[in-house]
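Engineer: Take a look at the following structure, please.
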Amino acid sequence: MSIYEIPVKTIDGTETNLSEYKGKTLLIVNVAGKCGLTPQYEGLQALYAANKDKDFTVLGFPANNFLGQEPGTDAEIKDFCSTNYSVTFPMFSKISAKGDDQHPLYKYLTETAATADISNGDAFEEKLKGFGQTRDKASDILWNFEKFLIGKDGEIISRIAPDVKPDDERISAKLTAETGS
(Lines give C-alpha, C1' and ligand atoms only; values in the text may rest on other atoms or scores of the structure.)
Protein backbone atom coordinates (compact mmCIF):
# COMPACT_ATOMS: atom_id res chain seq x y z
CA MET A 1 0.00 0.00 0.00
CA SER A 2 1.31 3.45 -0.87
CA ILE A 3 1.01 6.44 1.43
CA TYR A 4 -1.70 7.80 -0.88
CA GLU A 5 -4.02 4.83 -0.27
CA ILE A 6 -4.10 5.01 3.52
CA PRO A 7 -7.57 6.05 4.74
CA VAL A 8 -7.72 9.33 6.68
CA LYS A 9 -10.47 11.70 7.72
CA THR A 10 -10.41 15.47 7.29
CA ILE A 11 -10.92 17.64 10.35
CA ASP A 12 -14.45 18.25 9.05
CA GLY A 13 -15.16 14.50 9.11
CA THR A 14 -14.88 13.59 5.42
CA GLU A 15 -13.48 10.09 4.82
CA THR A 16 -10.68 10.29 2.26
CA ASN A 17 -7.06 9.34 1.62
CA LEU A 18 -3.99 11.29 0.56
CA SER A 19 -4.37 10.62 -3.18
CA GLU A 20 -5.22 14.25 -3.89
CA TYR A 21 -1.66 15.10 -2.81
CA LYS A 22 0.06 12.81 -5.35
CA GLY A 23 2.83 14.71 -7.09
CA LYS A 24 3.22 17.20 -4.23
CA THR A 25 5.90 17.46 -1.60
CA LEU A 26 4.31 16.96 1.83
CA LEU A 27 5.28 17.75 5.39
CA ILE A 28 3.20 15.48 7.64
CA VAL A 29 3.14 16.60 11.28
CA ASN A 30 1.47 15.26 14.41
CA VAL A 31 0.26 18.40 16.17
CA ALA A 32 -1.14 19.39 19.57
CA GLY A 33 -2.59 22.61 20.97
CA LYS A 34 -1.39 22.45 24.57
CA CYS A 35 2.28 21.63 24.05
CA GLY A 36 5.41 23.69 24.57
CA LEU A 37 6.02 23.18 20.84
CA THR A 38 2.56 24.46 19.81
CA PRO A 39 4.02 27.78 18.57
CA GLN A 40 5.47 25.71 15.70
CA TYR A 41 2.02 26.11 14.11
CA GLU A 42 3.17 29.62 13.17
CA GLY A 43 6.29 28.28 11.43
CA LEU A 44 4.33 25.52 9.72
CA GLN A 45 1.82 28.06 8.39
CA ALA A 46 4.65 30.33 7.17
CA LEU A 47 6.38 27.39 5.44
CA TYR A 48 3.10 26.40 3.81
CA ALA A 49 2.29 29.95 2.69
CA ALA A 50 5.75 30.45 1.20
CA ASN A 51 5.75 27.17 -0.72
CA LYS A 52 2.16 26.19 -1.50
CA ASP A 53 2.50 27.43 -5.08
CA LYS A 54 5.46 25.05 -5.56
CA ASP A 55 3.40 21.84 -5.22
CA PHE A 56 4.03 21.69 -1.45
CA THR A 57 1.66 21.35 1.45
CA VAL A 58 1.71 20.78 5.19
CA LEU A 59 -0.70 18.16 6.54
CA GLY A 60 -1.56 18.44 10.24
CA PHE A 61 -2.67 15.39 12.21
CA PRO A 62 -3.74 16.21 15.79
CA ALA A 63 -2.77 13.51 18.28
CA ASN A 64 -3.37 13.23 22.01
CA ASN A 65 -0.62 10.69 22.74
CA PHE A 66 1.65 12.89 24.83
CA LEU A 67 0.44 13.91 28.28
CA GLY A 68 -3.03 14.73 26.98
CA GLN A 69 -1.79 17.81 25.11
CA GLU A 70 -4.50 17.62 22.44
CA PRO A 71 -7.73 17.01 24.37
CA GLY A 72 -10.07 18.93 22.06
CA THR A 73 -12.64 17.73 19.59
CA ASP A 74 -11.95 18.15 15.89
CA ALA A 75 -14.15 21.26 15.83
CA GLU A 76 -12.30 22.76 18.82
CA ILE A 77 -8.92 21.96 17.25
CA LYS A 78 -9.94 23.54 13.95
CA ASP A 79 -11.15 26.68 15.73
CA PHE A 80 -7.98 26.87 17.88
CA CYS A 81 -5.68 26.57 14.85
CA SER A 82 -7.62 29.11 12.83
CA THR A 83 -8.07 31.63 15.63
CA ASN A 84 -4.61 31.46 17.20
CA TYR A 85 -2.33 30.65 14.26
CA SER A 86 -4.38 31.46 11.13
CA VAL A 87 -3.78 27.92 9.90
CA THR A 88 -4.87 27.38 6.31
CA PHE A 89 -2.97 24.18 5.54
CA PRO A 90 -5.02 20.95 5.54
CA MET A 91 -5.86 19.55 8.96
CA PHE A 92 -7.15 16.08 9.65
CA SER A 93 -9.20 14.36 12.31
CA LYS A 94 -7.47 13.50 15.56
CA ILE A 95 -5.55 10.21 15.38
CA SER A 96 -3.20 8.13 17.50
CA ALA A 97 0.44 8.60 16.48
CA LYS A 98 1.76 5.69 18.58
CA GLY A 99 0.69 2.78 20.73
CA ASP A 100 -1.68 -0.14 20.23
CA ASP A 101 -4.22 2.08 18.47
CA GLN A 102 -1.63 3.74 16.19
CA HIS A 103 -3.22 5.06 13.00
CA PRO A 104 -2.14 3.18 9.84
CA LEU A 105 -0.56 6.37 8.45
CA TYR A 106 1.77 6.64 11.43
CA LYS A 107 2.45 2.90 11.40
CA TYR A 108 3.56 3.30 7.78
CA LEU A 109 5.65 6.40 8.51
CA THR A 110 7.43 5.00 11.56
CA GLU A 111 8.10 1.61 9.96
CA THR A 112 9.42 3.19 6.76
CA ALA A 113 11.58 5.86 8.46
CA ALA A 114 12.52 4.36 11.80
CA THR A 115 14.64 7.24 13.13
CA ALA A 116 14.96 10.99 12.67
CA ASP A 117 17.70 12.02 10.28
CA ILE A 118 17.24 15.71 11.05
CA SER A 119 17.57 16.38 14.76
CA ASN A 120 19.11 18.69 17.30
CA GLY A 121 20.86 15.81 19.03
CA ASP A 122 19.50 13.88 22.00
CA ALA A 123 18.93 16.78 24.43
CA PHE A 124 15.16 16.96 23.81
CA GLU A 125 14.68 13.24 24.30
CA GLU A 126 16.79 13.36 27.47
CA LYS A 127 14.65 16.25 28.74
CA LEU A 128 11.49 14.19 28.11
CA LYS A 129 12.98 11.27 30.03
CA GLY A 130 13.27 13.65 32.98
CA PHE A 131 9.46 13.93 32.87
CA GLY A 132 9.09 10.15 32.69
CA GLN A 133 8.37 10.19 28.96
CA THR A 134 10.20 7.49 27.02
CA ARG A 135 9.64 5.59 23.81
CA ASP A 136 8.80 1.91 23.89
CA LYS A 137 10.64 1.39 20.59
CA ALA A 138 13.29 3.57 18.96
CA SER A 139 11.00 3.98 15.94
CA ASP A 140 8.10 5.39 18.02
CA ILE A 141 7.09 9.01 17.56
CA LEU A 142 9.05 10.94 20.20
CA TRP A 143 6.63 13.80 20.84
CA ASN A 144 4.22 16.28 19.28
CA PHE A 145 5.40 18.08 16.14
CA GLU A 146 7.54 15.27 14.75
CA LYS A 147 7.69 15.80 10.99
CA PHE A 148 7.93 13.62 7.90
CA LEU A 149 9.00 15.22 4.61
CA ILE A 150 7.50 13.22 1.74
CA GLY A 151 8.74 13.59 -1.83
CA LYS A 152 6.58 14.08 -4.90
CA ASP A 153 7.01 10.36 -5.56
CA GLY A 154 5.43 9.47 -2.21
CA GLU A 155 8.70 8.34 -0.64
CA ILE A 156 9.92 9.65 2.72
CA ILE A 157 12.78 12.10 2.26
CA SER A 158 13.38 12.86 5.95
CA ARG A 159 12.05 12.19 9.41
CA ILE A 160 12.49 15.33 11.49
CA ALA A 161 12.67 15.52 15.28
CA PRO A 162 9.94 17.47 17.12
CA ASP A 163 12.25 20.20 18.41
CA VAL A 164 13.51 21.06 14.91
CA LYS A 165 11.54 24.16 13.93
CA PRO A 166 9.83 24.39 10.54
CA ASP A 167 12.14 27.23 9.44
CA ASP A 168 15.30 25.17 10.10
CA GLU A 169 17.74 25.52 7.21
CA ARG A 170 18.06 21.72 6.93
CA ILE A 171 14.34 21.44 6.17
CA SER A 172 14.55 24.36 3.75
CA ALA A 173 17.48 22.74 1.93
CA LYS A 174 15.65 19.43 1.49
CA LEU A 175 12.47 21.22 0.45
CA THR A 176 14.36 23.32 -2.10
CA ALA A 177 16.06 20.20 -3.47
CA GLU A 178 12.68 18.50 -3.87
CA THR A 179 10.66 21.41 -5.26
CA GLY A 180 13.47 22.87 -7.36
CA SER A 181 13.01 26.37 -5.98
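The values are calculated or read from the model by the stated rules, or taken from the named source; none is laboratory data. Bear in mind that the values here come from a model prediction, so they are computed numbers and not experimental data. Heads up, the Cβs are rebuilt from the backbone with ideal geometry, glycines too, and the neighbour counts pull from every protein chain shown. Note: accessible area is taken over every heavy atom of the protein model, side chains too, but ligands, DNA and RNA are not part of it. Shrake-Rupley method; radii C 1.70, N 1.55, O 1.52, S 1.80 Å.
Engineer: What list of ³J(HN,Hα) values in whole Hz, one per residue of region 89-100 in order, does the Karplus curve 6.51 cos²θ - 1.76 cosθ + 1.60 (θ = phi - 60°) give from phi, with Gly and Pro shown as x?
Structural biologist: Computed from phi, the couplings for region 89-100 are 6, x, 10, 10, 4, 4, 10, 9, 8, 7, x, 5 Hz.
Engineer: Shape verdict for region 104-143, please, from the Cα gyration tensor: rounded (a/c under 1.5), prolate (a/b greater than b/c) or oblate.
Structural biologist: Verdict is oblate for region 104-143.
Engineer: Next up: Give me the one-decimal nm value for the distance between modelled label points at Asp100 and Thr134, 7 Å along each residue's Cα-to-Cβ direction.
Structural biologist: 2.1
Engineer: Something else about it: For Lys22, put the label point 7 Å out on the Cα→Cβ axis and report which residues of region 141-164 keep their amide N under 16 Å from it.
Structural biologist: 151-155
Engineer: Could you check how much of the accessible area of region 1-138 is carbon and sulfur, as a whole percent, using a 1.4 Å probe?
Structural biologist: 47
Engineer: At 7 Å along the Cα-to-beta-carbon direction for both Ala46 and Thr10, put a label point, then send me their distance in nm to one decimal.
Structural biologist: Label at Ala46, label at Thr10, 2.8 nm between them.
Engineer: Averaged per residue, what accessible surface does the chain expose to a 1.4 Å probe, in Å²?
Structural biologist: So the chain comes to 47 Å² accessible per residue, rounded to a whole number.
Engineer: Turning to a different aspect of this structure: Placing unit charges on C-beta atoms (Lys and Arg positive, Asp and Glu negative, everything else neutral), compute the dipole magnitude of the chain about its Cα centre in debye, rounded to 20.
Structural biologist: Roughly 100 debye, rounded to the nearest 20.
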